[in-house]
Structures are given as C-alpha cells and as structure tokens.
1. Could you put Leu113, Leu386 in order of accessible surface area, largest first, with the 1.4 Å probe and the full protein assembly present?
2. Hey, with R₀ at 41 Å, roughly what FRET efficiency would Arg179 and Arg244 work out to, going by the Cβ-Cβ distance, to 0.05?
3. Multiplying the sequence separation of Gln280 and Thr80 by 0.36 nm and subtracting their Cα-Cα distance, what value in nm do you get?
4. Hey, any idea what % of the chain's accessible area is carbon plus sulfur with a 1.4 Å probe?
5. Taking only DSSP H segments of four or more residues, each worth -39500 (n - 2.57), what value at 222 nm results for the chain once the sum is divided by all its residues, to the nearest 500 deg cm²/dmol?
6. Using Cα pairs closer than 8 Å and at least 6 residues apart in sequence, work out the relative contact order for the stretch 1-121, in percent.
7. Quick check: pseudo-label points 7 Å beyond the Cα along Cα→Cβ at Arg68 and Val155, how many nm apart are they?
8. Quick one: ranking His134, His168 by accessible area, 1.4 Å probe, largest first, what do you get?
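The values are calculated or read from the model by the stated rules, or taken from the named source; none is laboratory data. Note that this is a predicted model, so its numbers are computed, not measured. Every residue, glycine as well, gets a Cβ built from its backbone with ideal geometry; the counts of neighbours run over all protein chains shown. Areas reflect the complete protein model, heavy atoms only, side chains present, ligands, DNA and RNA absent. Shrake-Rupley method; radii C 1.70, N 1.55, O 1.52, S 1.80 Å.
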Amino acid sequence: MTPKNGKKVLKICQVNSVVAEVYGGPSIGSVALNSKLRELGVDAVLYGTNLNGAPGSRISSAEEERYRESGAVIELFESTWPSSMQNGRGFLRSLIRIGPDSDLFHLDGQYQLPLIYGYFVARWFKVPYGIQAHGSLEPYQRAKSRLKKWIYGAVIGNRILREATYVHFASASEAERARDVVRPDQEVIVPLGASLPAEKALSSLSNLFSETERNERVLFLGRLTHKKRPDLLLEAWAQATRSRNSVLIIAGPDEDVTAAELRRLASILGVAESVVFTGQVTGPEKSWLYRNCGTFVLASENENFALTVGEAMLGGCHVIASTGVAASEFLVLAESGRVLADMNVRSLSNAVSEALANDDVTARSGRRAAAYADEHLSWRPLASALAEIAGRTRKA
C-alpha cells in the first residue's frame, strides 16, 4: 500500500493471544491501540484468538462488531488445543503470510503460543519486534507459578526478551522493577490510554439507580481475582458509615475468586442487601456504570497500570486506589481521588465513608478526574511511539 507521496505506509502486526473483554486491560487496550494506530495512518492489524474465558467459549458477534465499529481491524482465529496456551487454528500460517511485508511485530504479553509464533516469524523474516509487558515482568507476577515461568524463560522466554527491539512499560515503576531482565536501551515507557464507548444501561440495575443518587453508588469493576482484593472491599464496606440507600456494585467475571464466594462473605458480614453483583459487563455497560457511580474502588496489591482507573476517571468517578496501582499517580496529578499507601480494612472503610458523606467534595473530585483523563490519558502517545519505532527500524 503506497500513498500518493510515494512513501510506503507503515505496517504493524499486533499479536495478542486473546481479544475478549473478559480478559480485561490487555485485550481492551490492544483494540484501542489498534484503532489509534489506524487513525495515525498506520496499516495495523490485530491478530488474536476468539477464546472468551472458559475452553469452548467464544466471543460474541456483538462484541466483535463493537471492536470493528471502534475503527479496529482485527483477525480472530478459532481457539484450538492447547487452549490453556490460547492457541488458534491458522494463527501461525497467517503470521507467516503477512510477515515479509510487516515493518514491526508488537507482541502483547508473554507465555502463550501466539506470542511465541510472533517471535519466530519476526526472527525468520528479520522484522523488528517489541513486547508490551502488561505487568508480566513485575516481581509480584513472576512469583506466581514460579517453576513454570522459570522453565518458559529457560526454554524460550529469556531469548524473546533479550532479542526484542523494545519492551513497553505503562509506568516508570513497572520499568524499574524489571531492570534485572530488561536492558535500559530496550525500555519504552508510555502510559496507557483511556476510552469509553457509548453507554448502554444495565437493565438489572435500572430500578436501583432510579431510587438512589450517584454519590450513593460505589463501584468495583474488574475480574474477580485475589490480587484485586474484592474481599477486603466487602470487609471495609461492612465497617463504613453508610446511608440506608448506599449500594456497592461488584461487576466482573469470576476468576480465582467467584461471585458466589463473595456473596457468602457479604452475607456473613451482614451487608448482603446493600451489595449487588452483575457478573461480566460489556464495554457500553461499563461506560454506563462509570458515568453513573460516584466512587470507584481498586484495592489491588499490584497493577502495572490499571486501565479501569483511567476509565473510571474519564467517567467522572472519585477513585480510591492503593499505591500498588501504578495508575494512581494520575490521581495525584489530577488532585483527585484518594491514594492509600496502607491499604487495609480501616483505611479503606474510612475513605469510603468520607466519599459517601461528602457529596460535593466527591463530585468535584470526579469532575477533576474526568478533565485530567480527557486531556492526558490518550492512546495516541503509545501509538505514535510504535509508529516512530517502526519507521526508524523498517527494512530498506
């Protein structure tokens, strides 16, 4: 593809093992990044599998259509064995087909077969490639399944890292904690962006929202995992000073924590009547929740960025987050929200109580967050950085 000025259009191949909302930030971010790359005139195509959580589950045609409506160009492959490594039928053949014409391979994450395919194809055709770490190089994450990850590193992973043209980190703190495995000349530090699609109301919450004010609604949105500490949030909710109408909404799919387990905990704590579980929500439904809840809480032990924080800010929420969430630095810059250095039941319950008790303060905090996110949290800087790398390293 060559424009009128005769200069070849940059071609970037994005490789992600899965492209589904259920997987959270990495999938959602890869789609948003693809849309922005294409806005910049880059011929970017996102390749992934259609796996949607459990083996045998596929993303819906409606979800795939939303991706395409956002301006993204994606090619999804049928998930096949071994699904635990997020393999896809035809994935390798397609990468081999487009490899010779690509200027850059951008690999989202580690440990899965599609990313290994991307590495070998890039090396075979001598195409530069980079890795978007997505927190996989954080000591917190490396400590999980340590033996399996050591074997992966010894067999191929260390080589993939060593030969990469760049490794993208979403924050300086994420890069700092990976200095033992990534060279300084490989570091590309660019924050992730935040974007919200047109909203769609959750019918299951419509009546509840008609009976409560925005400031009375507190939201947790994300995969239900131990590291995000939804259990801690429930314990803090039980101790928080709340009005009779205050409600905690927990939205997101089960992972290593289930909604059933959290419901039992809520019942034990005596707060079951004030806690609502929605299960997985779509992109438009997420937008509706962010824009209609007064406070968003993320008590994670570790997040290399946390797209949900940026999205909640953009939606006008007052955000409460731990210092383990890298994106909390934007709350400080926006003079918004609360960042808790010592995240425990008492500190979190106090922060939630203050947010619920001070309507005007919480609303102003949300407005400052939205203004900051609208101006500063865009996907354009990362897309521009990748386009610049592709242009600089492209084959003659």
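1. Working: Leu113 35, Leu386 0 Å².
Order by accessible area, largest first: Leu113, Leu386.
2. On the way: r = 51 Å, r/R0 = 1.25.
It comes to 0.20.
3. Working: separation 200, 0.36 × 200 = 72.00 nm, distance 2.36 nm.
69.6 nm is the gain from fully extending Gln280 to Thr80.
4. Working: 8820 of 17220 Å².
Heavy-atom surface of the chain belonging to carbon and sulfur, 1.4 Å probe: 51 percent.
5. Working: 17 runs with 161 residues, N = 396.
For the chain, the value works out to -11500 deg cm²/dmol.
6. Numbers: 222 pairs, mean separation 37.1, N = 121.
Dividing the mean separation by the residue count of the stretch 1-121 yields 31 percent.
7. With each label placed 7 Å out from Cα toward Cβ, I get 3.6 nm.
8. On the way: His134 50, His168 5 Å².
I get His134, His168, largest accessible area first.
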